[in-house]
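Visitor: Supplied in structure tokens, the structure appears directly below.
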Amino acid sequence: MGELRQVRLSGFGGQGVVLSGTILGYAAIRDGKWVAGSSSYGAQARGGAARSDVVISDGPIVFPHVIEADILVAMAQTAYTKYKEELGQGAWVIYDDELVSPQPIGHAAQIGVPATTSALKELKQQQSANIVILAALAAITGIVSREALSGAIAENVSERFRELNLRALDVGYRLGKISNQ
């Protein structure tokens, strides 16, 4: 079995966490990886807890669920607090720095990304903050290529939102490159 990466995207319902997981999975497939994924919502669709787990590997995946996340994306404080306890050694935590106040985690690198702030400022709405932070994740970790992510957005986002989300991809990549220096 090749390299295995366990990614957990988390936040609350309505932030696009599940769509982000779908796009990440499709991007990994476009890059020739094996992918397994699952999603979970809280009691309510909007406002309740939401998470999307994506397992990416160079070879067949034996167990298709996240056991210890190598990468945690947190778009809400409640999600951060809940899932920071399920990180592997040397994990990455990428969080929305407007919505999450990080706490010390000795075995993980934490990087704040102004996803919501940048979506509001540069795209004039916050609904694409999920794509901004997803693109930052890709730029920081290299888990999928930019080209694969762009293709996965085109494949999984309705035509009326495609241009906006591709602009969000540009914003997120720029932020990820800055954050990773």
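The values are calculated or read from the model by the stated rules, or taken from the named source; none is laboratory data. Remember, it's a predicted structure, so these values are computed and weren't measured experimentally. Cβ sites come from the backbone with ideal geometry, for glycine too, and all protein chains shown count toward neighbours. For the accessible areas, the whole protein counts, side chains as well, though only heavy atoms, and no ligand, DNA or RNA atoms are used. Shrake-Rupley method; radii C 1.70, N 1.55, O 1.52, S 1.80 Å.
Visitor: State in Å² the accessible area per residue of the stretch 29-181; use a 1.4 Å probe, count heavy atoms of protein chains only, and round to the nearest integer.
Guide: Counting only protein heavy atoms, the per-residue value for the stretch 29-181 is 49 Å².
Visitor: Here's a follow-up. Rounded to a whole number, what % of the accessible area of the chain do carbon and sulfur atoms account for, probe 1.4 Å?
Guide: 51 percent
Visitor: Here's another thing I want to ask about it. May I ask you to rank 101, 38, 10 by accessible area, largest first, using a 1.4 Å probe over the protein chains only?
Guide: Per-residue accessible area, sorted high to low, gives 101, 38, 10.
Visitor: Need one number: nm distance between label points at residue 179 and residue 97, each 7 Å from Cα along Cα→Cβ, rounded to one decimal.
Guide: Here the answer is 0.9 nm between the modelled labels.
Visitor: If I ignore ligands, DNA and RNA and count only protein heavy atoms, how much of residue 41 is accessible to a 1.4 Å probe, in Å² to the nearest 10?
Guide: Solvent-accessible area, nearest 10 Å²: 130 Å².
Visitor: How big is the dipole moment of the chain about its Cα centre under a simple scheme where the beta carbon of each Lys and Arg is +1, that of each Asp and Glu is -1, and everything else is neutral? Debye, nearest 20, please.
Guide: 360 debye
Visitor: Moving on. Taking Cα pairs under 8 Å and at least six residues apart, what relative contact order does the chain come out at, in percent?
Guide: Relative contact order here is 22 percent.
Visitor: Under a GNM of the chain (C-alpha, springs under 10 Å), which listed residue has the highest mean-square fluctuation: 165, 130, 156?
Guide: Answer for the Gaussian network model of the chain: 156.
Visitor: Along each principal axis of its Cα atoms, how long is the stretch 102-174 end to end? Whole angstroms, biggest number first, please.
Guide: Result, largest extent first: 43, 26, 17 Å.
Visitor: Give me a comma-separated list of calculated 3J(HN,Hα) values for the stretch 119-128, in order, Karplus coefficients 6.51, -1.76, 1.60 applied at θ = phi - 60°, integers in Hz, x for any Gly or Pro.
Guide: 4, 5, 6, 9, 10, 6, 6, 9, 4, 9
Visitor: Starting from the 7 Å offset along Cα-to-Cβ, what nm value, one decimal, do you get for the label separation of residue 58 and residue 159?
Guide: So the two model labels end up 4.1 nm from each other.
Visitor: Taking each pair of distinct Cα atoms in the chain once, what is the resulting Kirkwood hydrodynamic radius in Å?
Guide: Averaging 1/r across every pair of different Cα atoms and inverting gives 15.8 Å.
Visitor: What's the longest uninterrupted piece of the chain once you rule out the GluC sites (Glu not before Pro) that are loop residues per DSSP with at most 15 other Cβ within 10 Å?
Guide: Segment 69-181 is the longest.
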